[in-house]
1. What percent do you get for the relative contact order of the stretch A:49-116 when only Cα pairs under 8 Å and 6+ apart count?
2. Could you grab the Rg to Rh ratio for the stretch A:126-206? Cα atoms only, Kirkwood for Rh.
3. Give, as ranges by residue number, the residues of the stretch B:66-103 whose backbone N falls under 20 Å from the point 7 Å along Cα→Cβ of residue A:53.
4. Can you give me the angle between helix A:148-157 and the longest principal axis of chain A, using Cα atoms only, in degrees from 0 to 90, rounded to the nearest 10?
5. Can you work out the base-10 log of I(q)/I(0) for the stretch A:1-148 at q = 0.09, 0.10 1/Å, using the Debye formula on its C-alpha atoms alone?
6. Working out 0.36 nm times the residue gap between residue B:294 and residue B:178, then minus their Cα-Cα distance, what length gain in nm do you get to one decimal?
7. Under a plain spin-label model, where a point goes 7 Å from the Cα along Cα-to-Cβ, how far apart in nm are residue B:76 and residue A:5?
8. Over what distance in Å are the Cα centres of the stretch A:46-108 and the stretch B:126-195 separated?
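Every number in this text was worked out from the coordinates using simple rules, so none of it is lab data. None of these values were measured; they are calculated from a predicted model. So basically every Cβ, Gly included, is an ideal-geometry build from the backbone, and we count neighbours across all protein chains shown.
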Amino acid sequence: MLPRWSVIPLALALVGGIIGLGVLVEPLIQKVVAQPEPTPTPALLKYRAPQSWECLSCHISRDQLSQTVTDAAELERLWIDPAEIFSTHGRLGCMTCHGGTGDTQDVTLAHQGLIPNPADYREAAKVCLHCHNNVRTDIPEKHIHTPHERILTGMREGWEVCACSNCHGPVAHGAKPIASHEGLAAYCIDCHQARNVPPERLKCSGCHIIPHDITLDCEVCHRSTRTWSSVRLAVHPMELTGAHAELSCFECHQRPNFMGLQNACSACHQRPHDFGDDNCERCHTPEGFR
Amino acid sequence: MQTAWGWLPAIYLFLGGLGAGSLLIAALFEFYGDRDRYDFFPIPLAGATVSGPLLILGVLLLIFELGAGRREPWRILYMFTHFSSVMTWGVWLLTFFIPIALIYGFLEVLDTFPAACQWLKGRRWLRWTAFLWNLPLRRTKRVFAGIGSALAVGVAIYTGILLSAVGPAIPLWSTPILPGVHLPLMPLLFLVSALSTADALTVDILTTLFAGGRFRYSRRTHLIHLALITAEALLISHLLLHAFGEGGAAAESARQIVLGQHAPVFWIFIILLAIIFPLVGHIYAAGLGWHMLASGLSSGISILLSGLFLRYLILISGVPAFL
């Protein structure tokens, strides 16, 4: 019979034994069972916010910056709004993305090994892709189609592709070009036009997944990117007034290309005379029905 | 697949759950299990005494795992003041729970071993504690068992809340308790698992070893354990089915568990050792009224092992959402 006091050490030893057994057995099982090819995972990005305070002490102060930078425009470019350091990416600290040497007030030393644009295709694989290595190409809930897959492959393989910041802007510094078409145009469209990107890629459908089951170009019906939900009624061959104006397109038209009408006039209107057939349009127009 | 959390977090989540669960089981027998009928009752003795040490070991592993905890330990203090973070809630829970668990364990030792109590009373260097010896031992113990139980539920749930707080980044961990209900499943799963593993340690193994598995409410205890194993099986099924239904990263996690790289661990250590084998063992024990040595030891060890592997599997198969 075991002594009563041994309950406590035995319980603790059992827990220790179980943990040891688990840690030993799991790799053995993984060895015995055929393993699929592991997904390559990048090394961890070194978190260096605590070493970045000296960067900030200079870059958030125009006075400090003016001691080494004389050009006003350059000074403005290098100045960091203190509010930006509390953004999601700003909280990672300057050195986490930009490199350099931390904890020094020596300007030359501080900028050794600096990466001016960590989102550039030559750097992004080592910086941005640590966290964002699994971004989607199609984002159907936002009707967005992006070239992420090609860009990420390019970054990994060393091709010359656009930088993350071309669309997303300097994410730790407040800019969000992706938030508006105007912002995107400044980064993407001009560059794509300059590089002779095929014209269909410059249309709405170059970036957007069409949310309707139709094959027409978006710009055929939609007036503007700001008021995308209002459609270009002027292109409609008959004026939509009264009850007609309240109908959605596909209550009358057929998907996917609007060709033909699925509803005839007689589906809603009664024929007030005996002559003729159900095709009212043979004699009537909506503007002057009588 | 997430690569930041592996064995070490799995071990401290397991120790946290087991420590909290052990105190809960001990307190349950303190209040409802006729603790006072026996001079020596292994369930509350083991449950109360191992709880504090297991939690301390878990916390040490946690601090060791935190890079900042090793390099700049004073930064751990910041964790006490960031009240919007679940980490801070956990730090406060543990800060209160560990001393309570240690005191409760100490009182249980004094209650079980009166000779130890007498020996301590006779020490000169403990004279200043004379006023404490006049307190009614069992009533004081019950106060600590009560406070400890409330905190233990918090600690057991917290290990699941910690994971579900990371949930938006790793969808499997934020699986809701029911579709459309914005309450995560992990805290409940971890609470059930904490109780089941603690029951395995204190009832299945230690009571079988030290008391032949027989005590007044043993049949009822095995039925409760049977219900816990069934609940765990249902919660794991729900976790995986929901993940498959959700698609994306959650489905990939579930696929890794059921069919992929971690399938052997899942089928051997979760399905077989955590569910099928203990279910059979406990149906047998509930029918008989107590565990035979073989059934008590084997089902107890299998449940403990599967509790560890459940946490490891959930951690290691976390596939990050698209960022």
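1. Relative CO of the stretch A:49-116 lands at 36 percent.
2. For the stretch A:126-206, the value is 0.94.
3. Correct set: B:67-82.
4. Its long axis makes an angle of about 40 degrees.
5. Log-scaled intensity ratios, in q order: -0.57, -0.64.
6. Values: separation 116, 0.36 × 116 = 41.76 nm, distance 3.81 nm.
Length gained between residue B:294 and residue B:178: 38.0 nm.
7. 3.0 nm
8. Centre-to-centre (Cα) distance: 44 Å.
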